[in-house]
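Below is one structure, written out as structure tokens; the observations come after it.
Every number in this text was worked out from the coordinates using simple rules, so none of it is lab data. The structure presented is a predicted model; accordingly, all values stated were derived computationally and were not measured. Virtual Cβ from ideal backbone geometry, glycine too; neighbours counted across all protein chains shown.
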Amino acid sequence: MTTFAGAACLAECRALIGDAHVLTDDASMAPFLRDWRQRGNARALAVLRPASTEQVAALVRSCAQWRIALVPQGGNTGLVLGSVPDASGTAVVLSMARINKIRAIDTLNRTMTVDAGCILQHVQQAAFDAGCLFPLSLAAEGSCTIGGNLATNAGGTAVLRYGNTRDLCLGLEVVTSQGEIWNGLRGLRKDNTGYDVRDLFIGSEGTLGVITGAVLKLFPQPKACITALAAMQSPAQALQLLTLMQDHCGASLTGFELMSRHCLDLVATHFPQLPQPFPARPNQSHTQSHSQYVLLELSSSQSQAHAIGLLETSLALALADAIIVDAVLAGSQAQSQGLWQLREHIPLAQAAAGSNIKHDIALPISRIADFIDATDELLQQAYPGCILVCFGHLGDGNLHYNVAPPGGVSPRDFLQHQSAINRIVHDSVDRCGGSISAEHGIGALKRDDLARYKSEIELSLMRAIKAALDPLGIMNPGKIL
């Protein structure tokens, strides 16, 4: 039931952005109320679709006046229930989809100024068309938005070389919780003028304000990108390979993705049309014949021949030192895309196989092998036969450590153990000095776990920032804190 305050706020919103962009019927709102994993029972007072920063500011002022909570939303590709409201039906969703223009490209300064609603893939293409590179790359790049990437400090496959989204942003435009517009769209590499307000909003998941624009860093396009898939028998050997590649290739190493054999078996089962690089051994159901795999990418500013020579020499050393047991080198762009598709289809193969319990974690790189060995053992003791689907961005310490049910156990029944399994995994992460969220954020899904693993003084500092920047508590309530 809509309250008087809710009705008054919606009337103002219609006057501000037009009836067509204030959605209140269930069918129109439904796509904005289900997260990427199709979970939750979110409800909303309305979905608001502004077309400019000024309209966002006006809507926020109205919501602040009537004490109506707002949930900023980009492409709604988040995985931790951070971009959808709760079940109360008292909040509005603020969709940024219509604020999607590329405002300017400065090739000399190597920057691009964009609206927050720009699709990541469109930003990548605009940079390419301008003769530059915007290196942020992740599976949802065809639908996620720059505002969402910034709000969660997204990572992706190129963090090893270029850093997280925070590292790719020079300036922001933000609408505060009071409906004021802060224009911090400065394309400066150095700006030592007090507190870094920009960094407060990056990674805050819309709980402090609404990001409406950003200045992004651009880079030179590489002359060549070379991809290879290497096979080894343990995560410890994958770490040895990482050290060798960094020593010999330096900044040319732009991708280093770990995948267990089970990951590629899943892909082979559900996407048999994709390439299977290694020949099968007897009595194997699929073509994957080794325990662990690493997908490597080298980018050269010199030439394709230089990149190939560097990669071949490094892999030859790894074979000679028995760090790897086999490797395949992509001989064309199509083959390179085929290898990357193996990595990118792992989450899709997991979804096709049924629900599983996911963990997005970060660890000191030196502790990754110990973590995998110890946590695998703990989970097998607690849930014999459970299937461990481990993959991720090994070069920056980010693992997607997922747990699927044993054979004969339904995913629905296994999900009843989610809290206990999360506790085993997150306690193990904590013992290794890691983080329970590497690139997906906290949202509502990990809020209680955050309170368990953050120190009280750190939580107090976070609460103080929240109270200072959102004194009415209307910005994406119930997320993070």
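Just report the Cα centroid separation between the range 349-419 and the range 1-62, whole Å. Here the two parts' Cα centres lie 37 Å apart. Projecting each Cα onto the charge dipole of the chain (Lys/Arg +1, Asp/Glu -1 at the beta carbon, about the Cα centre), which of Gly441, Ser355, Ile119 comes out farthest on the positive side? Farthest along the dipole direction, towards plus: Ile119. Available extension along the chain between His248 and Ser143 is 34.2 nm, counting 0.36 nm per residue and deducting the alpha carbon span. Helix content alone sets the calculated 222 nm mean residue ellipticity of the chain: runs of n ≥ 4 DSSP H residues at -39500 (n - 2.57) each, divided across all residues, give -10500 deg cm²/dmol.
For Asn402, nonlocal amide neighbours, meaning residues 5 or more places apart or on other chains whose placed amide H falls under 5 Å from its own, are His359, Val389, Cys390, Phe391.
Within straight-line reach of Lys101, meaning a Cα separation under 20 Å, sit the following lysines at least 8 residues removed in sequence or on another chain: Lys217.
Can you give the translational diffusion coefficient of the range 354-468 in µm²/s, computed by Stokes-Einstein from the Kirkwood radius over Cα pairs at 4 °C and 1.567 mPa s? Roughly 86 µm²/s, to the nearest whole number. Among the lysines, select those whose C-alpha is under 30 Å from the C-alpha of Lys358, and discard any that sit fewer than 8 residues away in the same chain. Within the straight-line cut-off, Lys358 pairs with Lys446, Lys454, Lys466, Lys479. Reported value for the range 222-331: 99 Å³ per residue, from the convex hull of its C-alpha atoms. Each of Arg463 and Phe219 was given a label point 7 Å from its Cα along the Cα-to-Cβ line. The distance between the two points is 4.0 nm. Close amide H pairs (under 5 Å, H built 1.01 Å from N) link Gln221 with Leu133, residues at least 5 positions away or on another chain. Rounded to the nearest whole Hz, the Karplus-based 3J(HN,Hα) values (6.51 cos²θ - 1.76 cosθ + 1.60, θ = phi - 60°) of the range 432-439 follow the sequence 8, x, x, 10, 7, 9, 9, 9, with x at glycine and proline.
Comparing Leu136, Ala158, Pro364 along the charge dipole axis of the chain, the residue lying farthest to the positive side is Leu136, per the Cβ-charge model.
A Förster radius of 35 Å combined with the Cβ-Cβ distance from Ser88 to Ser303 puts the calculated FRET efficiency at roughly 0.05. Here the 3J(HN,Hα) profile of the range 174-188, calculated from phi with Karplus coefficients 6.51, -1.76 and 1.60 at θ = phi - 60°, is 9, 8, 6, 5, 8, x, 8, 9, 9, 9, x, 7, 9, x, 9 Hz, Gly and Pro shown as x.
Name the shape class, rounded, prolate or oblate, that the alpha-carbon gyration tensor gives for the range 32-96, where a ≥ b ≥ c are the square roots of its eigenvalues, rounded holds for a/c under 1.5, and otherwise prolate holds if a/b is larger than b/c and oblate otherwise. Oblate, because a/c is 1.5 or more while a/b does not exceed b/c.
Using every Cα-Cα pair within the chain, state what percent have a distance larger than 44 Å. Across the chain, Cα pairs with separations above 44 Å total 15 percent. Given the options Cys63, Asn76, Gly18, identify the residue whose Cα lies farthest towards the positive end of the charge dipole of the range 4-95 (+1 on Cβ of Lys, Arg; -1 on Cβ of Asp, Glu). Positive-end residue among those listed: Asn76.
When a/c is below 1.5 the answer is rounded, else prolate if a/b is larger than b/c, else oblate, so apply that to the range 129-225 with a ≥ b ≥ c taken from the square roots of the Cα gyration tensor eigenvalues. Prolate, because a/c is 1.5 or more and a/b exceeds b/c. With a simple spin-label model that places each label point 7 Å from the Cα along the Cα-to-Cβ direction, the separation between Arg431 and Thr2 comes to 5.4 nm.
Backbone amide hydrogens, once placed in the peptide plane, bring Gly213 within less than 5 Å of Ala116, Glu173, excluding anything fewer than 5 places away on its chain. About the centre of its Cα atoms, the chain shows a dipole size close to 720 debye [charges on the beta carbon of Lys, Arg (+1) and Asp, Glu (-1) only; nearest 20 debye]. If R0 equals 25 Å, the separation of the Cβ atoms of Glu312 and Gln276 corresponds to a calculated FRET efficiency of about 0.65.
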